[in-house]
1. Could you figure out which of (1) within 12 Å of chain A (Cβ to nearest Cβ); (2) at pLDDT below 95 isn't true of B:VAL117?
2. Working only within segment B:49-77, note down all residues that are crowded, with 17+ Cβ neighbours inside 10 Å, under 30 Å from A:HIS80 (Cα atoms) and in contact with a strand residue (DSSP E or B) (Cβ under 6 Å, 6 or more places away or on another chain).
3. Go through (1) in contact with a Leu (Cβ under 7 Å, 6 or more places away or on another chain); (2) touching a residue at least 24 places away in the same chain (Cβ under 8 Å) for B:GLN133 and report which single condition fails.
4. Does any residue in segment B:158-178 that is of a type in the set (D, E, K, R) come within less than 8 Å, Cβ to Cβ, of a residue that is at pLDDT 70 or above and surrounded by 12 or more Cβ atoms within 10 Å (Cβ to Cβ) six or more places away or on a different chain, and which pairs are these?
5. Suppose we filter segment A:65-117 for residues that are within 25 Å of B:SER98 (Cα to Cα) and of a type in the set (A, V, I, L, M, F, W, C); how many remain?
Number of protein chains: 2
Amino acid sequence: MRILGVDPGLRVTGYAVLSLSESAGGEVIDLVEAGVIRTAGPEAGIAARLRKVHDALDEVIREFSPQALVIEKLYSHYKHPSTAILMGHVRGVVCLLSGSRGVPLHSLAATHVKKSVTGAGHASKEQIQRMIQHAFSLKSLPEPCDAADAMAIALAFAMQNKNAGRRAAAETGRRNAA
Amino acid sequence: MRILGVDPGLRVTGYAVLSLSESAGGEVIDLVEAGVIRTAGPEAGIAARLRKVHDALDEVIREFSPQALVIEKLYSHYKHPSTAILMGHVRGVVCLLSGSRGVPLHSLAATHVKKSVTGAGHASKEQIQRMIQHAFSLKSLPEPCDAADAMAIALAFAMQNKNAGRRAAAETGRRNAA
């Protein structure tokens with residue numbers, strides 16, 4: 001299973017593709033690809049900036065054919081509502097790609113992502129970067145943080161699915177034993 | 001010149017196509033088409049809802065080949081930020097269509113639209129519907145108000161361009177007279 005995590009932003013959108021596969025020792029999560037999509041400044045206009053994000057992310061989808069597209073859930077309160085509305089424009093384009101390319105959309109609460117990856121629901125950007133570096137044995141801290149955030153989102157989803165798989169296996173084991 | 005006005009909403013998105021053309025008596029604004037795009041309820045999922053708006057609006061663009069796509073400017077303060085963020089998702093998809101289909105995007109302040117159409121910057125939905133009915137000699141009040149709002153946005157832009165044309169013509173006249 002390939003999982004695409006996306007952290008949408010009008011200036012920088014992070015993305016990460018992970019694979020969740022079976023091995024002799026159980027399920028393994030691997031980092032396949034991660035990066036960021038940078039748009040030109042506000043002078044380029046929102047239409048061109050959104051098109052850039054759309055087309056670049058569409059290319060990632062075509063290249064890696066993910067079976068899940070994972071983003072953060074919306075909060076109920078944003079510190080900067082105007083920025084959140086603009087982020088909503090990009091998030092809308094990401095959701096649209098899920099619909100138009102047939103990649104099922106999942107959303108995870110930000111605190112759930114942080115807790116899954118670092119153990120703390122209110123981890124800092126740097127703590128996330130460190131844990132991601134550790135999880136995938138990267139030589140250096142994943143930069144920029146938008147890419148690390150996308151990896152964290154995809155990783156939290158992968159861990160959830162891995163656990164679900166393990167639970168299912170344990171249940172089958174119990175059933176077979178009974 | 002054909003103008004596409006759009007009033008984005010996750011449940012209902014209004015759209016209107018106007019034409020601005022030359023006639024013996026000067027420039028004339030005509031209503032070509034107006035309607036709404038309704039999405040299924042929240043249970044359909046945001047990806048499918050955004051895809052519906054995208055595909056339906058794309059069809060309108062293909063059919064009428066507008067030379068301008070006009071939406072309302074974002075405010076700085078929304079009464080309901082969560083709703084505004086969801087509206088931002090749809091607005092993002094509308095802006096994306098401007099970029100991907102090459103239809104130049106324009107945005108007008110809501111108060112400017114209301115003032116242009118009704119004479120008052122804080123007109124009610126009903127006042128707008130009445131003025132739109134009058135402007136295009138419609139038999140009944142344009143319903144739902146989302147369609148009337150899209151007509152108002154397109155009309156305000158058309159009036160602005162008509163005036164700009166008139167100013168340009170007057171200046172040419174003055175130059176020719178000088």
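1. Just one mismatch for B:VAL117, condition (1).
2. Answer for segment B:49-77, where residues must be crowded, with 17+ Cβ neighbours inside 10 Å, under 30 Å from A:HIS80 (Cα atoms) and in contact with a strand residue (DSSP E or B) (Cβ under 6 Å, 6 or more places away or on another chain): B:VAL53, B:LEU69, B:VAL70, B:ILE71.
3. (2)
4. Note: pairs meeting the criteria are B:LYS162/B:LEU20; B:LYS162/B:GLU27; B:LYS162/B:ILE29; B:ARG166/B:GLU27.
5. 14
The values are calculated or read from the model by the stated rules, or taken from the named source; none is laboratory data. None of the values given here were measured: they were computed from a predicted structure. Quick reminder, even Gly has a Cβ in these numbers, built from the backbone with ideal geometry, and neighbours come from all protein chains shown.
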